[in-house]
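Worksheet: the structure to be examined is printed underneath.
The values are calculated or read from the model by the stated rules, or taken from the named source; none is laboratory data. As the structure is a computational prediction, the values presented were derived from the model and not from experiment. Using ideal geometry, Cβ is built from the backbone for each residue, glycine included, and neighbour counts are taken over all protein chains shown.
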Amino acid sequence: MKGIAIQTILLLLVGVLVVGILVYLVYKYTSSSTTMSTTECLTLVTNWCTTCMVSGWSTSVGGTLTATSPEVICGEKLKSGWWSDNVNCGNGGGTTAAEQLANIKSDCCYTVKVGC
């Protein structure tokens, strides 16, 4: 009666290990959400704030942001809870136009040091 050689057992173990690693890597890369790094977010918010500052904080510049805009997502990532009020360069949330302008300027200044 012949048994299974040790070399065969070791090769099977290596094969199972390699397949396990491949399955893990495929799962990791396909299941992870695509999120921007903090550096990418800083760049995006800095560019948006700079555009607004150069325009004189005009409400017609910088586009209208929505909850799914990258600037909103990044702004909330950088400073939780404030960016969703910022819908354009002249509106940082508030009841009067002066408050809205002050809020957007302070948000950009505080987060990315633009418009201080």
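Inside region 74-112, residues that are touching an Asp or Glu at 6+ places or on another chain (Cβ under 9 Å), within 17 Å of Met36 (Cβ to Cβ) and either at pLDDT 75 or above or among the hydrophobic types (A, V, I, L, M, F, W, C) (or both) make up a count of 3. Of all residues in region 15-73, those being at pLDDT 80 or above and more than 30 Å from Gly90 (Cα to Cα) number 13.
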